[in-house]
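Chemist: Below you'll find the structure I mean.
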Amino acid sequence: MTLDRLRFFAALLLTLLVATGRLAAQTVDEVKLDVLSALSTPLPITVIGPIMTRDVSVTPEDDGFRATLDDATLMGIFPFGDISLKLVPLDDDTYRISDLSLPLSLDFPGFAALSYTSMDLEGTWSATRRSYSDLRFAIQDLNVVPGTGDEGSLQIGTLSFDVLKEPDETDTESRFEITARDVSARGMMPDDLSVGEIQALLSANGEKPVDLYSVIRELIMVSGMRNGGSELEALGRSLLGNTYGVVALELAARDLDMADRDAPEDAYFRADTLEIGTRLTDVEPRRWGGADITMRLKSVSQADRLQDGVFSVEDAVIRVGGGELPVADMFEALQTLANAGRGRPVEVSTLLDGFAAFGRLGLSTEGQGVSVEVFDYIPATDDQPAKDDVTLFKTGFDRWALAMDLTGLNENQGKVTFGADLEGGTFTPGETFRERDLPHVNAWFPRELRLQSQTSNLNEAFLKKLFTDVYVRDLDEPVELLLPLALYASASVFEVSVGENVYETALFHLSNNGNYRFYPAKLFSVIPYEGQMHVTMRGIDKLNGYFAQVRLPEAVSVLTVLRNLARESETAAGTYQWDFARPDIERSEVVINGTTLRFPDVLDNLPILIGPLLAGAF
């Protein structure tokens, strides 16, 4: 016998010994006990659960065991019949699970009837954790008929659960995925629904291994309890006890179609793609380093009978994000608000710690190809029948972007940044659009709109100081807030920076930029700021013509005076420029292109204005 053959037979003998040892390491009674303990929770060893059974019979089979659950029921109520599965011991705690067998059709009287063509399960089960470390579970051609059969049906071509990544001490990431394909729900709700694919992926990477299968099982369990709220809170606190590098949830739906059963062509929502992504980073028990939620829509169209119109968008993204978030203080502030009005005064500083002490909070959206078509109705006449869904007008934009960010509130460097950008605006009148309204559309509908501003020096530390030990007894009438807010306004001066703002219509183009200081205490003044602003405008004569057409001589007069004060561009005919300045907030004057104009202060003249009114009242 050659050396290679000796090595081969030695390896074969070793493999047989290991396999025999594995099988011998677990007795029939031990396997039965492990199976029984794995049935009593949602997402049990059979995935569907919780399962109750009259008895569990275990017999050796090949390199493992066959476990049969006799007369199994779901939650002790809905009959399953016999369920069997194969278990191959890998060590004293884990099994390789496969060959799950359930009846192909199940009837739960008064609740639902379901059927499927095949079911596959394969994974590694831990008896101690009662959880799968890896799993592939799939049902083919699932059909669910709720109630007594007259409440519609739900069909799913493929429904699968996958534990994609097992956490361990060296790599704590875990990933859990649920996928449904060829989903159709008809007759179960006012709208019929069909989706080509729905996918949900949850992943986490923690300081300690994250068993997502167990987390989801516990969430399902406690959400159905009578005291589920407190149980969920306790579970949340235990999860927050871990420190996570990244927690992410991704949801995606493709080929989505939801339509009214009675009028599918008049009321519907359709989208080629709908994606929602949530990502948390540097998650600690009391603060999150970052949190971002992103929703993306592609090829969306929506019609509504009540709104009598169609909305569509080619591509849209919506984002909500934050950084350095004091989540523990935020939850405490939310609980304070939830308990308000129950005879418990609300401490304002607690709310400020939760809602005004973060590093960053932002909301933004951007996209392209958005349009709205609004329909009208023409009643019948002697000459023609009634017309429905006649286009009143159609409007839209080639591209848009909107964003607002609040930053630095946790460092007394509060800043608000706002931006808006609309391009390629169009307005097309329809058959029933009134001719006399077209001049207003031409004058004011934006072909292009761009707004950029930044407000800083919010002085939130002073605001928190004012509200120390201040309690509000009734949030519907928070009279306790009036004095602190008045003091805050009187002591605050906001720095405002304006970018190159643009407003363009069919008649005129207006742009401006500047920097100024806004004084809340001077809000009732004609101009409550000091600083400079540069303004450029073309089309002033066309706008004047519009004001004359709609009989607004006061507006014509104002525009004429402003044009007389303007500086006409040397390079672009018909373009006028103004440099506005208010150098001193205490002086009631403004400078326009070097000409000083003085104006009355509203508060100084308030007695003169309201005196005659009061005298007439008495």
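The values are calculated or read from the model by the stated rules, or taken from the named source; none is laboratory data. What you see is a predicted model; the values in this text were computed from it and never measured. Every residue, glycine as well, gets a Cβ built from its backbone with ideal geometry; the counts of neighbours run over all protein chains shown. Ligands, DNA and RNA are excluded from the accessible area calculation, which covers all protein heavy atoms including side chains. Shrake-Rupley method; radii C 1.70, N 1.55, O 1.52, S 1.80 Å.
Chemist: Quick one: net charge around L463, please, counting Lys, Arg +1 and Asp, Glu -1 for every other residue with C-beta under 15 Å from its C-beta.
Modeler: -3
Chemist: While we're on this one: Can you pull out the chymotrypsin sites (Phe, Trp or Tyr not before Pro) in the stretch 49-120 that DSSP calls coil and that have at most 13 other Cβ atoms within 10 Å? The partial results should precede the final answer.
Modeler: Working: sites: F65, F80, Y95, F111, Y116; in loops: F111, Y116.
Taking the stretch 49-120 and a limit of 13 other Cβ atoms within 10 Å, the loop chymotrypsin sites (Phe, Trp or Tyr not before Pro) found are F111.
Chemist: Calculate the spin-label point distance for L193 paired with D71, positioning each point 7 Å from the Cα along the beta-carbon direction, and give it in nanometres.
Modeler: With each label placed 7 Å out from Cα toward Cβ, I get 3.7 nm.
Chemist: Another one. Looking at the stretch 367-476, which trypsin sites (Lys or Arg not before Pro) are in a loop (DSSP not H, G, I, E or B) and have at most 11 other Cβ atoms within 10 Å?
Modeler: The qualifying sites are R434.
Chemist: Multiply the residue gap between L562 and E151 by 0.36 nm, knock off their C-alpha separation, and tell me the result in nm, one decimal place. Walk me through the intermediate numbers first.
Modeler: Values: separation 411, 0.36 × 411 = 147.96 nm, distance 6.87 nm.
Gain on extension, L562 to E151, equals 141.1 nm.
Chemist: Given the stretch 495-604, what whole percent of its Cα pairs are spread farther than 18 Å?
Modeler: On the way: 3457 of 5995 pairs.
Summing the P(r) of the stretch 495-604 above 18 Å gives 58 percent of all pairs.
Chemist: Here's a follow-up. Packing-wise, with mean Cβ within 10 Å as the measure, how do 558-569, 193-204, 576-587 rank, highest first?
Modeler: Top to bottom by mean Cβ count within 10 Å: 193-204, 576-587, 558-569.
Chemist: I'd like the accessible area for T117: 1.4 Å probe, protein heavy atoms, all chains in place, Å² to the nearest 10.
Modeler: Looks like 80 Å² after rounding.
Chemist: Now for a different question. Tell me, what is the FRET efficiency for V526 and D92 to the nearest 0.05, using R0 = 60 angstrom and their Cβ-Cβ distance as r?
Modeler: Calculated transfer efficiency: 0.10.
Chemist: Within the set of other residues whose C-beta is less than 9 Å from the C-beta of L85, count the net charge using Lys and Arg as +1 and Asp and Glu as -1.
Modeler: On the way: positive: R66, K86; negative: D99.
Its environment carries a net charge of +1.
Chemist: A further question follows. Any chance you could check the Cα centroid distance between the stretch 539-581 and the stretch 82-147 for me, in angstrom?
Modeler: That distance is 76 Å.
Chemist: Enter the mean projected area of the convex hull around the alpha-carbon atoms of the stretch 431-563, in nm², rounded to one decimal.
Modeler: 12.5 nm²
Chemist: Along the Cα-to-Cβ line of Q413, 7 Å from the Cα, sits a label point; which residues in the stretch 432-476 have backbone N less than 12 Å from it?
Modeler: 457
Chemist: Taking every pair of distinct Cα atoms and averaging 1/r, then inverting, what Kirkwood hydrodynamic radius in Å comes out for the stretch 312-409?
Modeler: 18.1 Å
Chemist: Pull out the extension gain between E250 and D182, defined as 0.36 nm times the separation in residues minus the alpha carbon to alpha carbon distance; nm, one decimal.
Modeler: Contour length minus the Cα-Cα distance gives 22.6 nm.
Chemist: Using a 1.4 angstrom probe with every protein chain in place, what is the largest-first accessible-area order of M258, M533, M52? Walk me through the numbers on the way to the answer.
Modeler: On the way: M258 65, M533 40, M52 110 Å².
Largest accessible area first, the list is M52, M258, M533.
Chemist: Let me ask another. Per 10 Å bin from zero, what fraction in whole % of the C-alpha pairs of the stretch 349-505 is there, up to the bin with the longest pair?
Modeler: Per 10 Å bin, starting at 0, the Cα pair percentages come out as 9, 23, 21, 17, 18, 9, 3, 0.
Chemist: Quick check: residue separation of S299 and T59 times 0.36 nm, minus the Cα distance between them. What number comes out in nm?
Modeler: On the way: separation 240, 0.36 × 240 = 86.40 nm, distance 5.55 nm.
Answer, rounded to one decimal: 80.8 nm.
Chemist: Let me ask something else. If you keep only loop residues by DSSP, which chymotrypsin sites (Phe, Trp or Tyr not before Pro) in the stretch 515-563 have at most 15 other Cβ atoms within 10 Å of their Cβ?
Modeler: Those satisfying the criteria are F524.
Chemist: Starting from the Cα of A573, step 7 Å along the direction of its Cβ; do the same at V374; then give the gap between the two resulting points in nm.
Modeler: 3.9 nm
Chemist: According to the Kirkwood expression over distinct Cα-Cα pairs, how big is the hydrodynamic radius of the stretch 496-543, in Å?
Modeler: After inverting the mean inverse Cα-Cα distance, the result is 12.3 Å.
Chemist: Enumerate the lysines that K86 could reach by cross-link, defined here as Cα to Cα under 29 Å, with residues fewer than 8 away along the same chain left out.
Modeler: Partners within reach: K32, K165.
Chemist: Follow-up. Starting from the alpha-carbon convex hull of the stretch 45-142, give the projected area averaged over all orientations, in nm².
Modeler: Answer in nm², one decimal: 6.4.
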